[in-house]
Structure formats: structure tokens, C-alpha cells
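Shown next, in C-alpha cells, is the structure this report addresses.
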Amino acid sequence: MYAYTDFDRQFIRQRAAQFRDQWQRHRDGTLSDEAFKPLRLQNGWYIQRHAPMLRVAVPYGELSSAQVRALAQIARVYDQPGAAVFQGAVAAQNRLGAVQLRDGRAIASRLPTGYCHFTTRQNVQFNWIALEHAPEVMELLASVDMHGIQTSGNCIRNISTDALAGIAPDEVADPRPFAEILRQWSTLHPEFAFLPRKFKVAIVGAREDRAALHWHDVGLQLQRNAAGALGFKVLVGGGMGRTPAIASTICDFLPWDQLLNYMEALVRIYNAWGRRDSLYKSRIKILVRAQGQRFFDEVQAEYQRIVAQDGAPHTISATELQRVSAGFAPPVRQSSRPCTDERVARLLRLSTEDDLEFERWLQRNVHAHQNPELRAVTLAFKRLGQAPGDASASQLEAVAELAERFSAGEVRVTHQQNLLLPWVRCDELTELWRAARRLGLAQPHIGLLTDLITCPGGDFCDLANARSLTIAEALLQRYQDLDELHDLGPIDLHLSGCMNSCGHHHSGHIGILGVDKDGQEWYQISLGGSDGSRLSGAPTPGKVLGPSFTASEVCDAIEAILEAYQELRAPGERFVHALQRLGHEPFKAAANAVRVATAQWQAHVAAHAQAAHQSPDGPALRRAAMAL
């Protein structure tokens, strides 16, 4: 892992001290709520549905065991709401009612405390920390080289990457040194502190895109040209939200040493041209769509000005890249016995005879490594009774112990809201499996249906139109049979509680989006989305099946879609490939066949529209019917 320098540590501690001073002036009344708001946001402090929410930066997803223990301490000591706050939150969620399923089950909101949540952008969030404890928490984070700087606000956010960065066998070059250089360049950049809107960057060094590059404001793909020189393919203008967009290639090959000069030009043009008159039209994807080649040309012209007139001041020297790269040298993890692909294959054969669950864990949760003596192992954080991506204080402490025993003290947050141990010796896989299994972190379902992505939704987020965690829990309860899950095969299921798309519903093979209809929770289902991975194919947003479903219908609709897949698939055909071959219609018909409440709602709307036609107040009533 990259070790912070004395300058880095001093900077973070000074920032924590600065925030304490700002907090104290707000508490004393000399700093108004309005003036304090951007200051707390710049340090990761939001005000959500029930309480403050803190987002902690985890640059490119890497955590040390000491940092995980600090997160555990924050969860145990500070992620604890006062009685009045918690009772108010419970009462508010109870008013929403439980999700009544057709089989008689009811899924109610859970509001766990003492937890942290792993996000799709490899950060960590806490939902209950009172603002009165904010300075203490920031100082605790700073003591282990962590912070919340630029995890909010209209600035360049946390740089994300592939969880297998630096260890993937298909890697062209390690993206982490470049991610760290970008982090240092973008942190408190004086020109880019107040952009038109937030700005998200992802970087991948492997041949396969495992970080959803095309869905980011800027995506950077390391590659080598015909001469063998290292550089980047630069993508711009991707994003989700209410206007999903796939990023376009703005530069086919950018020499690696020009990365910062080019990023300076690109963000500068966005800062100058981006719209500030509309929140919904302020992202760079809107600018790219509106200006097209003109935007590309202006970025190139600005880049040439930076190089020719300014002397390319941000050129990365070979010495600097070497200095940063030294911080990512792999740890020494020699196996006590030689570990080769043949030995792992033999281990698989033996496990088939001995333990099917262990075999499945090796297949789904254990990943190939550049070092043939090592493997990367995913710890599964999708379990019954616990929100996807949530970890309790005790679980975090257990993860820190696993990291120290099996992974040189390092753990990584994945895009899929799990944790990954990147430095596991092959001869310790059996021991690790047993330890993870005791902790409930060895579910062999990585990449399968129940390894779903979801946002906190209407249980916590103030922007949400509907709850997502209740639907996720209902699906987890429905699909517990491992034989069934493995028969269904790899399926990306993504769930968002609103159009902000924090659950990445647009890129799911199956996407679920919570919407509001007359104060009620409804859910759109889309099919065929792709994040750009090898399995999913070219990145694309999913296509909505039709009218939304009630909460009670969602699980039945998903089940009907998957039953149609099982009936119609060719031998060995994956869900997303069957969908691409057959089109949406057979799956749409299957989902529509289970509508009950939706049909009643549509009949109500039709009756309302008919009454509108027969009334002297017809135009107004027709508009009301359309709104329904």
C-alpha cells in the first residue's frame, strides 16, 4: 500500500484541526448554518433523512488493517444515534409500512446502528454520527491517514479503480500509482474546488474493464501502443442519473507523462463551459452531448496551450512515477509449498469429492493473481438480515484480523460493495475459508444474483423516492438455494432508490429503480444494462420493461423473468446473452403476467381518464389522470 509521507499526514491533521475550528464557530453561533454547510460538505458531512451521514474517502479502495480497526471504533462508539433521533427515525419508517409479499411474508425497514456501509465508488459511509462528535471522528480518521476531503461537493471526487489493481493477470500496468498522482493533483485544486457539478474519475490498468469506466465523467484505460509505449485511452462524458450516458473516446492514446496536463485542460474547459443554471444539466455528460466535437476540439486546444505556452508544468517525471510506484511494491508472501495452477486444480478436484461448498467458494470467491503462489479472495457482504455492503463494528474488527493473518494487512473495497483480500497464499486458502465461513463472509455467490448492488435508499437517503433495502432483503430471502443460484449463473442485479442511480441500476443485467407514485413506492424494472465487463459486453443502459411494479410485485416479476430465462436459454447460455439473443419481449411478457396491484392501478387510472372525458372539467382531470 502507498504510505503517506510526513507532508500528507501533516496536511490531513491540519485539515481536521481546521474543521474543528469551523465546527466550534458554528456551535458558538458566529458561523451560520448557510456558511457552515459548504465547509462540512467539503469534509464529507451530509444531513440525511434521519441524521448526519459521513462519507470517508478510501482512495482507489485500499485499506490497511489499522484503518479498518479505526472504522470499527467509529462504528461502535460514534455511529449511535440519540434515543429521540432513533425513535423518530423508527416512527418515520414504520409509517411507510412493511413490504407485503404475495406469499404472505412482510419485509419491514431495518435501521441498524453501529455499522459502516461500503459504496459502489469504494468509499465508506456512516449513517448515525451526531454532528456534535464530528471533530473527534475527523481527528480519529486523521490518526490513521484517513479523511472525508472531497467526498462531497462540486469537485473531483475519490479516484476509483479495479479492486484487482496491481495483481490481475490481464493487467497492462498498475493503475494505482497514477490514481495516487491524480489524488494528490486534484486534492484542494484551487481552480477546481467549485465545478458546475461533481466530477468522478475511474482508472483501469487491465484489459478487462472492472471499474465501469464508460459510466464515469472521465475514464482512463492504460494501454500500450504499437511501439510498446505506455499511455491512456481517455473517455469523457459518461454518467448515470436521470440522463444515462456512455462516455465517448476523446483521446485514443495519451502518453502517461501527460496525464495531469491533459486532465487540467479537460476539467478547465468543463469548468468554463459547464452549465450552472440547472442542477439536472450541469454534469459533463450534458456538455459533451450538447457540444460534441466542439468540446473535444476546445479541450485539445487548451491542452496544446498548456504544453506550448505554459511549458507543460504538470508533466509527470519518471522519477516521480518511480517514487510513487515504490509505495505499491507487493509484500513478501512466499508460500511454504510451491503453488501453481496445477496444484490449485488438484485442490479443486479434491474439494469436489470432499465439500461442494468449498469448491463453489474456490470458483466464485477466489481470483487468479499475477503471482502464481497467491490468490485474491472476496469476502461476501450480502447476507440475510443485513443490508448489502454493511459491516458491523465486530465484523470490521474480524476483517482486520483476517487481513493481518492472510493478506499482509491489506483489504480492498470493491465496486460490488464487498471486501477483497489481495495477498492470500494458496496454501492458506482452506484455513481462510474456514475462518471466513465462521464469520458469515464466505457465501460462494460472487457475481451471482444475490451478490447484488444497492444504495441505502429511502431508509436513510433524503433524496430517495422509495426504499431499496427492503426489496434487496426480499430477493435475498427468495434466492437462498445455492444450487438454484449457480444454475442461474452470473447475473448483475442493481437496485437504486431514486434517479440519482447510486445503486447503478442502469448498468445491471436486471435494474430496479424506486419511483414515487402519489406518495406510494413503486419500482421500474429494466433489462440488458452493461457496465462494460467481458461478460456483459459493450456498456449500455438497460431498457425499461414498461409501467412500474408495486413493491409487492417486484420479487414475483424478477422470479418470472428468471423462469423465462431458464425455459428459453440455450445450453450453457448466460442470462445476459439470452437476453441479447431473444430481446426483451418474452421477459416483459413473463413479468407482466404476474401483475396484480399494477393492473388494479391501471384500471383506476383508466376509470379516472374516462370520467375526465365525460366531465366539463375534462382537461384538468385528464392532466391529473396522466400524472397518476
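Key figures for this structure:
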quantity	calculated
Members of region 33-92 found to be exposed (fewer than 15 other Cβ atoms within 10 Å of the Cβ) and part of a strand (DSSP E or B), listed by number	Ile47
Leading residue by the ranking (nearest to Leu164 (Cα to Cα)) among those in region 98-139 that are open to solvent by 30 Å² or more (accessible area, probe 1.4 Å) and not in a loop (DSSP other than H, G, I, E, B)	Tyr115
Hits in region 291-302 - residues which are open to solvent by less than 80 Å² (accessible area, probe 1.4 Å) and either basic (Lys, Arg) or out of contact with any strand residue (DSSP E or B) (no Cβ under 9 Å at 6 or more places or on another chain) (or both)	Gln291, Glu298, Ala301, Glu302
Any hit, region 312-321, residues being outside any helix (DSSP H, G or I), farther than 22 Å from Pro539 by Cα and open to solvent by 70 Å² or more (accessible area, probe 1.4 Å)	yes
Region 393-424 - residue that is of a type in the set (Ser, Thr, Tyr) and open to solvent by less than 20 Å² (accessible area, probe 1.4 Å) and, of those, nearest to the chain's Cα centre (by Cα)	Thr414
Search result, residues across region 373-392 that are surrounded by fewer than 20 Cβ atoms within 10 Å (Cβ to Cβ) and either out of contact with any strand residue (DSSP E or B) (no Cβ under 6 Å at 6 or more places or on another chain) or under 17 Å from Ile446 (Cβ atoms) (or both)	Glu373, Arg383, Leu384, Gly385, Gln386
Members of region 214-230 that are more than 20 Å from Ser160 (Cβ to Cβ) and of a type outside the set (A, V, I, L, M, F, W, C)	Arg224, Asn225, Gly228
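A quick yes/no check of all residues on (1) in contact (Cβ under 8 Å) with a residue 40 or more places away in the chain; (2) surrounded by fewer than 21 Cβ atoms within 10 Å (Cβ to Cβ); (3) within 18 Å of Ala98 (Cβ to Cβ):
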| site | (1), (2), (3) |
| --- | --- |
| Leu439 | yes, yes, no |
| Pro444 | yes, no, no |
| Ile453 | yes, no, no |
| Asp462 | yes, yes, no |
| Ala472 | yes, no, yes |
| Asp483 | no, yes, no |
| His486 | yes, yes, no |
| His504 | yes, no, no |
| Ser507 | yes, no, no |
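Yes or no, residue by residue, for (1) among the basic types (Lys, Arg); (2) at pLDDT 95 or above; (3) within 23 Å of the chain's Cα centre (by Cα); (4) closer than 29 Å to Ala229 by Cβ:
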position: Leu260; (1), (2), (3), (4): no, yes, no, yes
position: Arg276; (1), (2), (3), (4): yes, yes, no, no
position: Leu279; (1), (2), (3), (4): no, no, yes, no
position: Ile286; (1), (2), (3), (4): no, yes, yes, no
position: Arg289; (1), (2), (3), (4): yes, yes, no, no
position: Arg294; (1), (2), (3), (4): yes, yes, no, no
position: Asp297; (1), (2), (3), (4): no, yes, no, yes
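The values are calculated or read from the model by the stated rules, or taken from the named source; none is laboratory data. Because the structure is a prediction, the values reported are computed rather than measured. Neighbour counts run over all protein chains shown; Cβ positions are idealised from the backbone, glycine included. The area values use the complete protein model at the heavy-atom level, side chains included, leaving out ligands, DNA and RNA. Shrake-Rupley method; radii C 1.70, N 1.55, O 1.52, S 1.80 Å.
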